[in-house]
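Below is one structure, written out as structure tokens; comments come after it.
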Amino acid sequence: MSARDFVEKDYYAALGVPKEATAAEIKKSYRKLAAAHHPDRNPGGEERFKEISEAYDVLSDETKRREYDEGRALFAGGGGSRGFDPSDLFGQARGGGGFSDVFSGLFGNGTRGRAAPRRGGDLETAITISFADALQGTQVSLRLSTPGTCSTCHGSGAAPGTSPVTCSVCQGLGVISRNQGSFSFAEPCRTCRGTGKEVTTPCPTCHGSGQQTKDRTITARVPAGVADGQKIRLKGKGSPGEPGAPAGDLIVVVTVAPHPVYGRSGNHVTLTVPVTFTEAALGANISIPTPDGTVTLKVPPGTRSGRTFRVAGKGFPTKTGAGDLRVTVEVDVPHELTPEEKAALEAYAEVSAHDPRKHLKEVVL
Ligand SMILES: [Zn+2]
Ligand SMILES: [Zn+2]
């Protein structure tokens, strides 16, 4: 019986009970109908009796009933139109959970007769790199202790010199049919877990699982410009898949260590440069560090504290060109003054006409 036939049957109607009927109600209705339609008493009623038995077989089993309900709910969404083939969904849903999970207990795989080998799982690991490495890109060696393909049997699970044989329980189909009254269920073979192959002499290293915990060293390229918290996906470097299926991915979560002086804003490197009052007022050429060498920043006379200068191309690289180095100057006021400094500043104050609070004097609320 196909998945489609299954969900297109209305077992509730067959038993004459509502969809939310309790187990007791279902049982009661079944007994009444089965007695009334039993072929012994009712010759020619075989078809109807079969229908009732079939419906009761599913609805009286909590698990089967749930799967049936879920299946119907799913088909109700995309169905309605004739020519909609639920078996198409098996292919699409494979590996994605959802649909195939709902039906796996009932049908195994309705289309291919065998469960497809499963892709390996994704693994996640974390690294911390320096600010300079984030800026320039780097390569890191990751040591991982993870499940890998067994090196003795190369994943087959069979001892060296032997090979897996066709499963004797399912004859290599990966599914077995279970007869339940008048119809049969196909379900994944438990002996071979749906692979169709059976290992008679298990590999001594992995005891037949085909997998082995291994210390692996993987070289990961961290691209220039990587941001703190960014995830890098290394395709095929995760857990190995079942024989014939691809490995999962390795996801590397990058933490960028903070730098003592540089910061980051988008793709720009930021730097705060303290200047003296006289440098800001008179102008100065200041030597500042950049990620690749020192440059001279020309601070023009009359520069206010907090002004930001842009050194083009010294930021994080992007596909459309590098960001900038953004230098913000901040006037630094000395905590203590020598008597000479004090005298000089007092002389300056004496002659200065600069009134920074002029605009506050006329303020009215
Ligand atoms: Zn092995
Ligand atoms: Zn089998």
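The values are calculated or read from the model by the stated rules, or taken from the named source; none is laboratory data. For clarity, every value in this text was computed on a predicted model and none was experimentally measured. Every residue, glycine as well, gets a Cβ built from its backbone with ideal geometry; the counts of neighbours run over all protein chains shown. Each accessible area value is taken on the protein alone, full model and side chains, heavy atoms only, with ligands, DNA and RNA left out. Shrake-Rupley method; radii C 1.70, N 1.55, O 1.52, S 1.80 Å.
Any residue in the range 151-159 that is over 30 Å from Gly293 (Cβ atoms), open to solvent by less than 10 Å² (accessible area, probe 1.4 Å) and within 22 Å of the chain's Cα centre (by Cα)? No, the range 151-159 has no match at all. Considering only the range 240-255, state which residues are closer than 24 Å to Ile129 by Cβ and out of contact with any Leu (no Cβ under 9 Å at 6 or more places or on another chain). Val253, Val254, Thr255, listed by residue number. The residue pairs whose first member lies in the range 174-200 and is touching a residue at least 12 places away in the same chain (Cβ under 8 Å) and hydrophobic (A, V, I, L, M, F, W, C), whose second member is within 16 Å of ligand 1 (Cβ to nearest atom) and not in a strand (DSSP E or B), and whose beta carbons are closer than 6 Å, counting only pairs six or more residues apart or on different chains, are Val199/Gly157; Val199/Pro164; Val199/Gly208. Counting the residues of the range 316-343 that are open to solvent by 60 Å² or more (accessible area, probe 1.4 Å) and not in a loop (DSSP other than H, G, I, E, B) gives 6. Counting only residues that are open to solvent by 80 Å² or more (accessible area, probe 1.4 Å) and in a loop (DSSP other than H, G, I, E, B), the range 344-356 holds 2 of them. If the condition is being surrounded by 14 or more Cβ atoms within 10 Å (Cβ to Cβ), more than 12 Å from ligand 1 (Cβ to nearest atom) and of a type in the set (Gly, Ala, Ser), then the range 191-228 contributes Gly194, Gly196, Ala220, Ala224, Gly225. With respect to (1) charged (D, E, K, R); (2) surrounded by 12 or more Cβ atoms within 10 Å (Cβ to Cβ); (3) free of Cβ contacts under 8 Å to residues at least 24 places away in the same chain, the lone exception for Glu67 is condition (3).
Within the range 165-189, if we keep just the residues that are surrounded by fewer than 21 Cβ atoms within 10 Å (Cβ to Cβ), at pLDDT 85 or above and not aliphatic (A, V, I, L, M), the residue that is nearest to ligand 1 (Cβ to nearest atom) turns out to be Thr166. Does Ser141 qualify as being assigned to a strand (DSSP E or B), under 30 Å from the mean Cα position of the chain (by Cα) and either more than 8 Å from ligand 2 (Cβ to nearest atom) or in contact (Cβ under 8 Å) with a residue 60 or more places away in the chain (or both)? For Ser141, the condition - assigned to a strand (DSSP E or B), under 30 Å from the mean Cα position of the chain (by Cα) and either more than 8 Å from ligand 2 (Cβ to nearest atom) or in contact (Cβ under 8 Å) with a residue 60 or more places away in the chain (or both) - is met.
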